[in-house]
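These notes are about the structure you will find just below.
The values are calculated or read from the model by the stated rules, or taken from the named source; none is laboratory data. This is a predicted model, so every value here is computed, not measured. So basically every Cβ, Gly included, is an ideal-geometry build from the backbone, and we count neighbours across all protein chains shown. Note: accessible area is taken over every heavy atom of the protein model, side chains too, but ligands, DNA and RNA are not part of it. Shrake-Rupley method; radii C 1.70, N 1.55, O 1.52, S 1.80 Å.
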Amino acid sequence: MKALASARRHRFAPVVLMLLALLAVGGLYAVAAPQAAVADAASTDDVENGEKLFAANCASCHGPSAEGATASPSLIGVGAASVHFQVSTGRMPMAANAPQAPEKGVQFDAEQTAQLAAYVATLGPGPAIPDSEQVDPAQGDAANGMLVFRTNCAMCHNAVGAGGALSEGKYAPSLFNSTPTEIYEAMLTGPQSMPVFNEENITPEAKRDVIAYLMEQRAGDSSPGGANLGSIGPVSEGMWVWIIGMGVLIGASVWIGAKSS
C-alpha cells in the first residue's frame, strides 16, 4: 500500500492520468459517435470497384491507402460527401497544382462517383451523402435561408451567391449553377477555403433553408428592383451610375450649353 501510495504521488502521475483519460475518450468516440456518420450501406462490389478506381486515378496523389502526401491531404475520415462533391463537380482529379481546384469537365459518371465515395467511406467515418429530403428546396424556408446565408456565407459568395474574389489567387465560386446536393455537401465538408458547417453551426433544416433561398434567386422574378446587373453588388451598379448615368448627364449638359450659345 505504501508503494502504491508513493506511486500515486509521483510527479509524472498527472501526465500518465491525462494520457489514460485521452485514450479512454478517444476510444469511446471511435466506438460510439462516428457510426451514424458512415455513408449509406454500399454493396461489396461498389466498394471493390471504388477501390480500383481510386488506385487508378487518385492513389498517385493521395497515396495507395489514401493516407495523403506532402501536397495532397489524407482522405481517411473525410466521408462519402466530400468525395462526391469533389468528383461530381469536376474538381477532382485535379488537373494541376493551383491555389484552388477549379471546376472542369466531370471525368466519372454518377455510378463511378458513388463507388469512389463508397470506398473512401470505408476508410474512416465521415459525413454521408445527403438524401433527397435533406436537399429538397420545396421543404425549406427561403426567408430563413436568406438570413442564414447572409450571416455565414455572403461575405465570400456575395449576398445572392454570385461568388467573389478571395486572397492569394483563391475565389468563392458562383452558386448559380450548383445543385442542391452540391450546396449541402459544400456546407457539410468545407471544400477549399470554405469552413465546415456541421450540425452545431448550421442545422440540417437551416442548410435546407439556405438551399431554398439560393434556388429562389434563380426564379425569373427574383429581382423586383429591375435589372440585377449580374448580381455582383456595387461594382456593376457603380459602373452604371458613374460611367453611364453621369456620362449621359454630362453629355446632355454640354449639348444644352452648346445649343443655348
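Structure summary
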item	result
Pairs where the first residue, in region 154-182, is under 25 Å from ASP136 (Cα atoms) and part of a loop (DSSP other than H, G, I, E, B) and the second is open to solvent by 60 Å² or more (accessible area, probe 1.4 Å) and at pLDDT below 90, C-beta under 6 Å, 6+ apart	ALA162/ILE232
Any hit, region 174-187, residues being open to solvent by 60 Å² or more (accessible area, probe 1.4 Å), over 14 Å from the mean Cα position of the chain (by Cα), within 21 Å of MET215 (Cα to Cα) and among the polar types (S, T, N, Q)	yes
Candidates ILE202, ILE211, filtered to the one that is part of a loop (DSSP other than H, G, I, E, B), surrounded by 15 or more Cβ atoms within 10 Å (Cβ to Cβ) and of a type in the set (Val, Ile, Thr)	ILE202
Every residue from region 138-153 that is outside any helix (DSSP H, G or I) and open to solvent by less than 50 Å² (accessible area, probe 1.4 Å)	GLY140, CYS153
Matching entry among SER82, SER65 (being among the small types (Gly, Ala, Ser) and open to solvent by 30 Å² or more (accessible area, probe 1.4 Å))	SER65
Hits in region 184-219 (condition: among the hydroxyl-bearing types (Ser, Thr, Tyr) and out of contact with any Cys (no Cβ under 9 Å at 6 or more places or on another chain))	TYR184, THR189, THR203, TYR213
Failed condition for ALA121, given (1) within 26 Å of ALA66 (Cβ to Cβ); (2) surrounded by 19 or more Cβ atoms within 10 Å (Cβ to Cβ); (3) free of Cβ contacts under 8 Å to residues at least 24 places away in the same chain	(3)
